[in-house]
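Asks: My questions will all concern the structure given below.
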Amino acid sequence: MKTLLPTSTAGSLPKPAWLAEPEKLWSDWKLQGEELAQGKQDALRISLHDQRLAGIDIVSDGEQTRQHFVTTFIEHLNGVDFEQREIVKIRDRYDASVPSVVGPVSREKPVFVEDAKFLRQQTDQPIKWALPGPMTMVDTLYDGHYKSREKLAWEFAKILNQEARDLAAAGVDIIQFDEPAFNVFFDEVNDWGIAALEKAIEGVTCETAVHICYGYGIKANTDWKKTLGSEWRQYEEIFPKLQASNIDIVSLECQNSHVPMELIELIRGKKVMVGAIDVATHAIETPEEVADTLRKALQFVDADKLYPCTNCGMTPLPREVAQGKLKALSAGAAIVRQEISR
C-alpha cells in the first residue's frame, strides 16, 4: 500500500569525517583513486542507513559521491575548462570563481548512473536522485563560447535529458532537478527556463521534480533573506507556468521561511514536497513543529500529493544534528498521518 505523506530529503547529508572535512560545504576529498571510489560507496551505505533509521520513506544517496551539487556533474562534460576560471556573481548575490565554457558542451558517458545503480542494489525503497537544473548550471559558469544563457541552458537540457533517461532506466523512482536560480531570474524562468526544464524531462519514464529553494544556509544567502521582508513571494512569479508544465512534483522551502503557504494553490494539482526542516540552524525541530508545518500545507494541497521533506543542504550540519532532524521529520509526518486516518 502506498505510504501517505512519504518523507524524503531535498539534498545533501553530512559526509563521514574520513571522506571529507565535516561541517563544510564543498570540501575536498580526503581519499584518492580506488580508495576514494570505495569510500564513496561506504559513505552512501552509511547515509542510507541513517535515512532508514530515521524512517525516511523515499531515500537518496545523500550526495555522498559529489563535492558540489552543480559542478560535480559539469566536470564530467566536454567543453568546460576547470583550469580557466573567472569570477562571476552567483544567483545575483555573491561572487565566486567558476569554470569556463570554452567549446560545445557534451556528455561522453553517463555521470551518476553507476552510483544510482549501486544505491538501487542497497534498498527496495523508492529512491530519488538529484541533478542540477539547466538554468542553475548556466548560472554557475562563465560562458565564453555560446555567449547566451538561453543557448547554453538548452544544450545543458539536452545533456540532462540523456542522464535522466539513463537514471530512470537504472531504477531511480524520482529525478529531482535543483533550480535555485528559478527564485532569482524570473523573466528568464518564464521566457525559457521552464521550457529548458521541460526538455530535460522529455521522455523520462520515472517521476520528475523541481526543487526551488532560497539557497544554502551560508552568510550570503542568510543576508539576502533579511532583505526580502516579512513575506517571501518569489514563488508567485514562477508557479503559474510550473503548474502548466509536465513536471510531476514541485519542491519548495517552508520551515523557518517567510513563504506564504497559500502560494501552493498556484500549483494546484501537482505533488508538492514541503520543506519542513530548516538546515540553516543546528536546532532540531520537534515533531509537533514539523506536524504544524504539514497541517498548514494541507490547507492548500491534498494529502495524497503532499511529500514532507527537508530544506536543502544538510551537509554542513553535524551528523547527529542531521540525524535528529530526519527523525523529527518522520515523527512529524507520522503525527499528521494519524490525524488524517481518524
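Asks: Output yes when any residue across segment 182-190 is in contact with a strand residue (DSSP E or B) (Cβ under 7 Å, 6 or more places away or on another chain), closer than 17 Å to residue 307 by Cβ and in contact (Cβ under 8 Å) with a residue 40 or more places away in the chain, and no when none is.
Replies: Scanning segment 182-190 turns up no residue that is in contact with a strand residue (DSSP E or B) (Cβ under 7 Å, 6 or more places away or on another chain), closer than 17 Å to residue 307 by Cβ and in contact (Cβ under 8 Å) with a residue 40 or more places away in the chain.
Asks: Just one of the numbered conditions (1) surrounded by fewer than 22 Cβ atoms within 10 Å (Cβ to Cβ); (2) without any contact (Cβ under 8 Å) to a residue 60 or more places away in the chain; (3) within 17 Å of residue 202 (Cα to Cα) is not true of residue 172; which one?
Replies: For residue 172, the exception is condition (1).
Asks: Enumerate the strands (runs of 3 or more DSSP E) found wholly within segment 236-310, keeping only those where 1 or more residues are touching a His at 6+ places or on another chain (Cβ under 8 Å), buried (at least 22 other Cβ atoms within 10 Å of the Cβ) and of a type outside the set (D, E, K, R).
Replies: Here the list reads 249-253, 271-275.
Asks: Determine whether residue 65 is among the β-branched types (Val, Ile, Thr) and in a loop (DSSP other than H, G, I, E, B).
Replies: Taking the combined requirement at face value, the residue satisfies it.
Asks: Among the listed residues 295, 342, 319, identify the single one that is modelled with pLDDT under 95, of a type outside the set (A, V, I, L, M) and farther than 17 Å from residue 213 by Cα.
Replies: Going through 295, 342, 319 in turn, the sole match is 342.
Asks: For segment 115-147, which positions are out of contact with any helix residue (DSSP H, G or I) (no Cβ under 9 Å at 6 or more places or on another chain) and either closer than 24 Å to residue 89 by Cα or not in a helix (DSSP H, G or I) (or both)?
Replies: Passing the criteria: 124, 126, 128, 130, 142, 144, 147.
Asks: Looking only at segment 4-56, which residues are free of Cβ contacts under 8 Å to residues at least 12 places away in the same chain, within 28 Å of residue 276 (Cα to Cα) and assigned to a loop (DSSP other than H, G, I, E, B)?
Replies: The answer is 17, 21.
Asks: Only one of (1) assigned to a loop (DSSP other than H, G, I, E, B); (2) at pLDDT 95 or above; (3) within 30 Å of residue 278 (Cβ to Cβ) fails for residue 215. Which number is that?
Replies: (2)
Asks: If a residue has to be part of a loop (DSSP other than H, G, I, E, B) and either without any contact (Cβ under 8 Å) to a residue 40 or more places away in the chain or among the polar types (S, T, N, Q) (or both) to count, how many in segment 311-338 make the cut?
Replies: So the answer is 2.
Asks: Condition (residue is at pLDDT below 95 and in contact with a Ser or Thr (Cβ under 6 Å, 6 or more places away or on another chain)) applied to segment 239-253: is it met by at least one residue?
Replies: The answer is no; no qualifying residue exists.
Asks: Another question, then. What is the residue count in segment 21-55 for residues that are surrounded by fewer than 21 Cβ atoms within 10 Å (Cβ to Cβ) and among the small types (Gly, Ala, Ser)?
Replies: Summing the residues that are surrounded by fewer than 21 Cβ atoms within 10 Å (Cβ to Cβ) and among the small types (Gly, Ala, Ser) in segment 21-55 gives 5.
Asks: Kindly establish whether residue 86 is farther than 30 Å from residue 49 by Cβ, in contact (Cβ under 8 Å) with a residue 12 or more places away in the chain and in contact with a strand residue (DSSP E or B) (Cβ under 6 Å, 6 or more places away or on another chain).
Replies: Judged against the criteria, residue 86 is a match.
Asks: Answer yes or no: is there a residue in segment 220-242 that is touching a Leu at 6+ places or on another chain (Cβ under 7 Å) and farther than 17 Å from residue 185 by Cβ.
Replies: No, the conditions are met nowhere in segment 220-242.
Asks: Turning to a different aspect of this structure: Could you list all residues from segment 286-324 that are more than 17 Å from residue 23 (Cβ to Cβ) and among the hydrophobic types (A, V, I, L, M, F, W, C)?
Replies: Residues satisfying the conditions are 290, 291, 294, 297, 298, 300, 301, 303, 306, 309.
Asks: Further question on the same structure: So residue 36 fits all but one of (1) over 30 Å from residue 224 (Cα atoms); (2) touching a Leu at 6+ places or on another chain (Cβ under 7 Å); what number is the exception?
Replies: Looking at each condition in turn, residue 36 falls short on (2).
The values are calculated or read from the model by the stated rules, or taken from the named source; none is laboratory data. Keep in mind it's a predicted model, so treat the numbers as computed, not measured. Note: ideal-geometry Cβ built from the backbone for every residue, glycine included; neighbour counts use all protein chains shown.
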